[in-house]
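Data block below; observations after.
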Amino acid sequence: MERIRLSVQTTGLLFVGDCKMSALETRASIVEHHDLYLSPLPLTGATAEAMEAWISEGVRETSELVRVFRTNDRGHEVLTAEGYEFERTCCAKGSHEGWTERVMVVRSPLQAHHQAAGLDKRLAPCGDRPGCPDASQRSRKATDHRGSDARGGD
């Protein structure tokens, strides 16, 4: 990032990266240089602890979710994603100055379906042994079907 800053010699740059770029110190450095960032938050530390509450909030407030639709190859509108955003204050270790960060909590029905199918496949060897959940219970736990769209399938 420093080489880019030296090369373009301007502020207000947008850095897009993976969860490794989401380290608090990295985000603080970007903000300190008056730049912006976009990256998925890692499921570690305080973020991991807060994630369950963020998801629960989205499940409780389904009427408040922003829904994004697309037209599939058959001409049907399908739900691509749904979610909400909120702001939180971040502060790097050893710093007294913080910044406001926008957090977007997004659910993809297609991704949820793939995760549920993968879980079913991994648990299939479990079979009908006592204590093993059946496929319908596993799917219910792995994905929330409240977002299914009546306007058409994928």
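Taking amide H positions as placed in the peptide plane 1.01 Å from N, state which residues far from TYR37 in sequence (5 or more) or on other chains have amide H under 5 Å from it.
PHE15
So what's the projected area for segment 19-82, the Cα convex hull averaged over all directions, in nm²?
6.6 nm²
If each residue's Cβ is checked for other Cβ atoms within 10 Å, how do ARG74, ARG27 rank with the fewest at the top?
Taking fewest neighbouring Cβ atoms as first place, the list is ARG74, ARG27.
Mind sorting ASP18, ASP35, ASP73 by how few other Cβ atoms lie within 10 Å of their own Cβ, fewest first?
ASP73, ASP18, ASP35
Throughout, read-outs are computed from the coordinates displayed, never taken from laboratory work. Source: prediction; values computed, not measured. Cβ sites come from the backbone with ideal geometry, for glycine too, and all protein chains shown count toward neighbours.
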